[in-house]
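Below you'll find the structure, written out as structure tokens, and then a few comments.
The values are calculated or read from the model by the stated rules, or taken from the named source; none is laboratory data. Since this is a predicted model, take the numbers as computed values, not measurements. A quick note on method: Cβ atoms are made from the backbone with ideal geometry, for glycine too, and the neighbour counts reach across all protein chains shown.
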């Protein structure tokens, strides 16, 4: 059973392993980290990584253009020490970029766990958490050519709104 867990010191190393599953230089969409994910995770102490996510949730010390965001690491309850991916739940979309291209929720699943229903189960689990933030509906976007994300969003109730450049925009009621 898929579970969403807030980052903990005990899961930082499994999260690093999850990131290592991606090809070198890949952008880890939905992982809720600064641009250079690998450098951040290798250079920051385990408690520092957790503190980064706690601060991001409270809106403390955010990089320019970021909004308060709760990050959840995706685990399977039968193997809770393996991080399968991540969900970033933004508390609001208060920047032009997020309103047009980013949305409330970003998600990413490590390559070895793709195609197994992990993303859909995690997105479904994130919707009540968005509702708890008083979000009646959430915006999700995906690249036009990202068929897997499109199917995930649509399977969770995503209603296509329009294209924004090369990004598909969807709304999901929480």
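Just checking, which of 85, 158, 108, 103 is over 25 Å from residue 7 (Cα atoms) and crowded, with 17+ Cβ neighbours inside 10 Å?
Just a single option satisfies the conditions, and that option is 158.
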- Item | Hits in region 115-136 - residues which are within 13 Å of residue 172 (Cα to Cα) and exposed (fewer than 15 other Cβ atoms within 10 Å of the Cβ) | 128, 131, 136
- Message: Being closer than 19 Å to residue 19 by Cα, in contact (Cβ under 8 Å) with a residue 24 or more places away in the chain and surrounded by fewer than 22 Cβ atoms within 10 Å (Cβ to Cβ) is the requirement here; does residue 68 meet it?
- Response: no
- Query: Yes or no: residue 9 in contact with a helix residue (DSSP H, G or I) (Cβ under 6 Å, 6 or more places away or on another chain), surrounded by fewer than 16 Cβ atoms within 10 Å (Cβ to Cβ) and either at pLDDT 75 or above or within 21 Å of residue 122 (Cα to Cα) (or both)?
  - Reply: yes
- Right, residue 172: outside any strand (DSSP E or B) and farther than 19 Å from residue 15 by Cβ or not? no
- Task: State yes or no: is residue 110 over 19 Å from residue 21 (Cα atoms) and touching a strand residue (DSSP E or B) at 6+ places or on another chain (Cβ under 7 Å)?
- Result: no
